[in-house]
Every structure is written in structure tokens, then in C-alpha cells.
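Inspection log for the structure reproduced underneath, given as C-alpha cells.
Just so it is clear, none of the values below were taken in a lab; they were calculated from the coordinates. None of these values were measured; they are calculated from a predicted model. Methodologically, a virtual Cβ is constructed for each residue, glycine included, from the backbone with ideal geometry; neighbour enumeration extends over all protein chains shown.
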Amino acid sequence: MDDDALLRFSRHILLDEIGIEGQQKILDSHVLIVGMGGLGSPAALYLAAAGVGKLSLADGDDVDMTNLQRQVIHTQTAIGQNKAESARDTLAYFNAISRVDIYPHRLDEAQMQDLVAAADVVLDCSDNFVTRHALNRVCFRHKKPLVSGAAISFSGQITVFDFRQAKTPCYHCLFPAEGNAGGQNCATFGVLSPLVGVVGAMQALEALKLIGEFGDPLVGRLQMVDVLSGKWQTLAYGVDPQCPVCQPVNA
């Protein structure tokens, strides 16, 4: 790190749990964010501000007027622009430290393979179970940590699947594919704008903990928030012995 970087990230470096060594890990890291909507917006902004060296952003949707209520990385002038492109433009203005690569299309499982393999941490900020389950399978295959967040109405949740560890539960263990084929979405049920900021920022936080190797990531714990009551709850969960994804005998 040069003098400018030491000054820029001094508030991280002052933290004993991070220090110069931890900040250098952040600067050398590569994070893949799938979904540049309500969750991906704050996650990308905070990870770029923290100094993540490379961000890969994937989203096939375009910005529209209804997104601006909560997807804070996009501006009104970006309406009609692809979300990954819009996010890249904002990050270039906001922080020139991070290299940003974009994938302006919806990723299928085959397209995820190389992107996940190249990343240090993957953030699932998507809005559908097909993508969530595909990411889970690919991250498990490549032993890459996956930070999963979701938000709808007044409720949010976040958890971490660290496939570098043995006997780590996966997304399918927690949310079996056969049980959530439908799902809810913001277009139908609505969502309070700061809620996605809370969950997205928490995803960035968990990613930095994984990269910098500090703290206790939310592995095997689903953290849930109800912003109407202001209550947080934590649910412990484990490996499903019949899971077809992470249990080799059933694979």
C-alpha cells in the first residue's frame, strides 16, 4: 500500500482485527455479486469503499423508475440502462480503487462456472430461486464462500455458506428446491427501501469478514430481521443428510 492507500483505509487499519495485513487481503480480493438490485446496490458500494480489488457484477435487467426507491446505486439518468452497466458507472465515479467487470445478462449455471471459480467470495443478491439454487450448486462445486441475502415487505434475512469448511450446510439444506419453486417478489408484495440497505450492507460485512479472516461469519446461522418490530432473530441450521447438493452419497 502506498501513502494514499494507508490514509484512505486508515480507519480499517486502526482495527486490530484487520490491520495492514487484513486490508491488504481486501485489496487483493475478488468478489462476484449476482444481482445489482436492492441488495447488490449497497453491497457493491460498501465493498468498493472498503477497497475490494476486483468486483464482478452480473445482472440482466435494465433500470426502471420503480427501482429508484431502493436500488441506490442507480440514478434517474440510468433508466433504461442495464443494471450492471449503471452500477459500473456509479462505482467509477464513487471509487476508482476497484476494478469492475460486468456481465450484463442473466447468468445460467454453465456461465456461472468460470466466474465463481475466479472469485474469492460470491454474493447472492438475486431475486429468484432458480438463480439462488444454481449459485449454491456452483459455489459448492468450486468450494467458494457464498453470502446469501433476501428481503421482502418488512422482513430480511442473511446467512453464509462457507464451502471451504468441511460439513458446511448449503442453501438447499436450508431451502430445498422442491419447496420454493414459486416465491415472493417485490413487484407483488412491496419492500421498504431501507430494509434492502440493511441486508445488502450486512452481506458486504460478511464478505469482508470472510476475506479478511476476522470475526465469526454467519455459517450455519440464518439471521432474520423484522423492521416493523425492530427485532432480530437467529436460527441455527445444519446439514441435511439427504441433501442432493452437498452430500456426496446423494449427489
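The lysine pair count for segment 3-250, using Cα distances under 25 Å and pairs eight or more places apart or on different chains, is 15. The packing ranking, built from the mean of other Cβ atoms within 10 Å per residue, places the peptides 26-37, 106-117, 221-232 in the order 26-37, 106-117, 221-232, highest first.
So what is the relative contact order for the chain, in percent, with contacts set as C-alpha pairs under 8 Å and at least six apart?
In percent, rounded to a whole number, it is 20.
Rounded to the nearest 5, what is the percent of antiparallel bridges among the DSSP beta bridges in segment 5-149? Bridges in segment 5-149 are about 5 percent antiparallel. Cβ crowding within 10 Å, taken as a proxy for footprinting-reagent exposure, orders LEU146, LEU15 from fewest neighbours to most as LEU15, LEU146.
Residue separation of PHE154 and ASP3 scaled by 0.36 nm, minus their Cα-Cα distance, works out to 50.0 nm of gained length. Label separation (MET224 vs PHE189): 1.1 nm, computed from points 7 Å beyond Cα along the C-beta direction. Here's the picture: charge each Lys and Arg Cβ at +1 and each Asp and Glu Cβ at -1 in the chain, and of LEU210, PHE175, PHE140 the one pushed furthest to the positive end of that dipole is PHE175. Here the label points at GLN69 and GLN81, each 7 Å from Cα along the C-beta direction, are separated by 2.3 nm in the simple model. Bridges between two residues of the chain, per DSSP, are antiparallel at a rate of about 50%.
In what order do SER98, SER10 fall by count of nearby beta-carbon atoms within 10 Å, going from fewest to most? Each step should come with its number before you reach the end.
On the way: SER98 22, SER10 10.
Least crowded to most crowded, the residues run SER10, SER98.
Exposure proxy ranking for HIS172, HIS12, based on other Cβ atoms within 10 angstrom of each Cβ and starting from the fewest, stands as HIS12, HIS172.
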